[in-house]
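Student: Take this structure first; my questions come after.
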Amino acid sequence: MKGIQMARRVYLDHNATAPLLDAARDAMVAALGRPAGNPSSPHAFGGAARLDLESSRREVAALLGGDEHEIVFVSGGTEADNLAIQGSARAWTAAGRAPGHLIASAVEHPAVIESCRYLESTGWRLTLMPVDRAGRVAPSELRAALRSDTALVSIMAANNETGALQPIEELAEVCRAAGIPMHVDAVQAAGRLPLDVRRLGADMVSISAHKMGGPVGIGGLWVKGSRSVKPLLLGGGQEARRRPGTEPVALAAGFAAAVRSARERLADSSIQRLRDRMERELAGAIPGLVVNAAGATRLSNTSSLTLPGVDAEAMVIRMDLAGFAISTGSACSTGAARPSHVLAAMGLNRDQSASTIRVSLGQSTTSDDIETFVPALSAAAAALRGAGVGGKA
Amino acid sequence: MTRVLVGMSGGVDSSVAAAMLAQAGHDVIGVSLQLYDHSDAGRIARCCSPEDFLDARRVASQFGFPYYVVNQEEVFSRNVLDYFVDEYRRGRTPNPCVRCNGDVKFEALGRLAVDLGATQVATGHYARLDSCPTTGRRRLLRALDAGKDQSYFLFDLTQEQLSLALFPLGELTKEDVRREAEHLGLATAGKPESQDVCFVEGGDYREFLRRRSERDRVLEQDGDIVDSAGRVLGAHHGLSGFTVGQRRGLGVSASRRLYVVSVEADTRRVVLGDESELSAAALTLTGVTWLGSDAPGAPFETLARVRYRHAGVRCLVVPAAGGTARLTLLEPQRGISPGQAAVFYDGDVVLGGGWIDQVERSGVTPAARLSAGKAEGPRDGVNAT
């Protein structure tokens, strides 16, 4: 097997997944090195595993300013979103109510939108909130969309494709004033900007370990107080009866280590400086370049860039051949690009959307990376623009 | 080292083509086109599924070349799926594979090749290429393995597409390719041959057409089944189940063997007749293209294939204005359907071809009966690859 040569590659796709932090790997290796035990077992092995798991839970809760008993460990951000939405819907109907009304933004992650769509097929009603040119939901529009039977509002903290931040505190205030629970998908935001669930006023928050340098395979759903969320899986009372299955102690240890590391870096603006410099230099080098959602406050690491006249899929391949990993922002499991519902909701037309790439930096990104990336992308953009041949299609 | 883009389906043919090029030292980039959204219902089983992409990726990894999946769903939907349904609406029998090669596969791969600095686009098709000694233009030739020859499906490629194209399997037999796949230890060595059109699972065209045309349901409207004199023999529940030459599933009982002679979209009538009425004497073609030369100025005699694996029929081609032509068949042929392609051959060389627009029946003549032969119409309306 020759495999794929990974040497001298620059990774600029941290919103897809971030490289595992040394601290997270060390914590997992240490946890795996301890005697195995099921946290639910009565013996000393089980007891030690329980202590391990709960200390990780405390660490994760601290990132959000929540109580440790409010964290449900799940397999990742997708499961957290599914549990928040479908678990809330189950709790709603379990209380004897008819299916109600759900609100989500049009730019949510598919885990949220498809959960809502699924519920819609079982009798729930769904409102997808439009967004402005920068990808934001207007609080006044959310207020107008609320109904007496609205069971849940789900709006993300930061968008995975553009990095745009929602005015989440104002949106949460609209929900709080109306007494309607709110779920916040903070998978991209958690660990990258300060999040205090109490100040935020949300009822549920989804987070994921691997977006902040922890392991893939674990995430968390913060559920406020004693709010009722019914499990989607059956077969055990773990995670406060919300998520059955033997808890992955070592993954949780890696998650906790990544959280610890992220909290220490929250005030660090070096990634933002690199990102801003990159955008500035690219804007100077690539005629017509548009930074999407520039009108919004954005995650410090994310750039959604429209390169007019350039086929984004070809650009991603060209850059990969040159040793740079970037993304079209929206992809199928096969790796093929998928038309972006996020950019469409922001008002970009098909051509603009098909010419949009996502560059997402991370802790591992160096100024050397950016110094080589900017000329490489600029040259590729010039070449691809020149290559544009008329087609039949 | 030339950079070659290889279109990979995940099947054995394109795997071998890619592996051979990589072994010969070319700078290979493997590309699969995602033509259909598999998350949507899972009713497409045969080709361009995630499993096929994985197989292609394994081959790429084995030979150390990069591999990518590129989305062409929208283009495929517009140029192939819409076309497929529209042709049935018009009472015609589409050939989606010819359309796909020219308007989707070679179009997308050609564009990507230019974008990625590749000078050639290779596929696992069985066909050969050369340059016309007089015009210097690229020509398409039949594969050495006549049983596998796929030149019929490629006649509609443009000169520009042909100039990029590379068919490494053109000189090989299917047996050679299988042996090579095993020799190279390819993950795809034992994969079965593709048979059906890739987007129709289990060959159920009616079900596909029903889903695809849900909005207007034109293909599901009832109509009459008549004989060539216009006498009503029965009724049908939609045109989509009928193809010229079809004998089974007609839903009428008669003392003699009846075949579908024509499908009339505007009146929604299916016309049946006996074997002799299937016989065609002349065809009109649209969308005629010439591969190695300019359009001939004068009528000429040649061999035309009117469907995949057709042995061919001698005919007189009269080129006309606007990319049309009239073909007089020198011996009448059975089961020719509008919508299929007629491709002209001079020996192994593909001269050009066009789309069959109208079929003029020869009527009942003793000569027609004698020469009707055993040629079957396109069994399920379409033939793959």
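Every number in this text was worked out from the coordinates using simple rules, so none of it is lab data. Everything numeric in this text was worked out from a predicted model, so none of it was measured. Cβ: placed from backbone, ideal geometry, glycine included. Neighbour counts: every protein chain shown.
Student: I need to check one value: relative contact order of chain A, counting alpha carbon pairs closer than 8 Å and at least 6 residues apart, in percent. It would help to have the intermediate numbers written out before the result.
Tutor: On the way: 775 pairs, mean separation 87.8, N = 393.
Answer for chain A is 22 percent.
Student: Can you list which of the trypsin sites (Lys or Arg not before Pro) found in region B:203-242 are DSSP loop residues with at most 12 other C-beta atoms within 10 Å? Write out the running numbers ahead of the final one.
Tutor: Values: sites: B:ARG206, B:ARG210, B:ARG211, B:ARG212, B:ARG215, B:ARG217, B:ARG231; in loops: B:ARG215, B:ARG217, B:ARG231.
Taking region B:203-242 and a limit of 12 other Cβ atoms within 10 Å, the loop trypsin sites (Lys or Arg not before Pro) found are B:ARG215, B:ARG217, B:ARG231.
Student: Would you order A:GLU79, B:GLU207 from fewest to most other beta-carbon atoms within 10 Å of each residue's own beta-carbon? If you can, show how the numbers build up before the last one.
Tutor: Numbers: A:GLU79 22, B:GLU207 14.
By the 10 Å Cβ count, ascending: B:GLU207, A:GLU79.
Student: Short version: ³J(HN,Hα) in whole Hz for each residue of region B:126-140, in order, from phi by Karplus 6.51 cos²θ - 1.76 cosθ + 1.60 (θ = phi - 60°), x for Gly and Pro, what are they?
Tutor: 8, 6, 10, 10, 8, 10, 5, x, 8, 8, x, 7, 5, 10, 9
Student: Still on this structure, I have one more. Given the -39500 (n - 2.57) contribution per DSSP H run of 4+ residues, what per-residue ellipticity at 222 nm results for the protein assembly as shown, rounded to the nearest 500 deg cm²/dmol?
Tutor: On the way: 24 runs with 247 residues, N = 778.
Roughly -9500 deg cm²/dmol at 222 nm, from the helical runs in the protein assembly as shown.
Student: Ok, one more. For region B:142-237, calculate the relative contact order in percent as a whole number, restricting contacts to Cα pairs under 8 Å that are 6 or more residues apart.
Tutor: 15 percent
Student: With 10 angstrom as the radius, rank B:GLU331, B:GLU175, A:GLU247 by how many other C-beta atoms surround their C-beta, starting from the fewest. Intermediate results must be reported in sequence, preceding the final value.
Tutor: Working: B:GLU331 16, B:GLU175 10, A:GLU247 22.
Lowest count first: B:GLU175, B:GLU331, A:GLU247.
Student: Among A:ASP81, B:ASP224, which comes first, second and so on when ranked by fewest other beta-carbon atoms within 10 Å? Present the calculation step by step, with values, prior to reporting the outcome.
Tutor: Details: A:ASP81 31, B:ASP224 17.
Exposure proxy ranking, most exposed first: B:ASP224, A:ASP81.
Student: Put a dot 7 Å past each Cα toward the Cβ at A:GLU114 and A:ARG277; how far apart are the dots in nm?
Tutor: Distance between label points: 3.9 nm.
Student: Let me ask you something else. Give the separation of the Cα centroids, region B:244-320 to region A:39-76, in Å.
Tutor: Distance between centres, Cα-based: 73 Å.
Student: Sort A:379-385, B:261-267, A:149-155 by the packing proxy (mean of other Cβ within 10 Å over each peptide's residues), most packed first.
Tutor: On the way: A:379-385: 18.7, B:261-267: 17.1, A:149-155: 23.1.
Ranked from most to least packed, the peptides come out as A:149-155, A:379-385, B:261-267.
Student: Then there's this: I need the trypsin sites (Lys or Arg not before Pro) found in region A:50-104, filtered to DSSP loop residues with at most 14 other beta carbons within 10 Å of theirs.
Tutor: On the way: sites: A:ARG50, A:ARG57, A:ARG58, A:ARG90, A:ARG97; in loops: A:ARG97.
Listed in order of number, the matching sites are A:ARG97.
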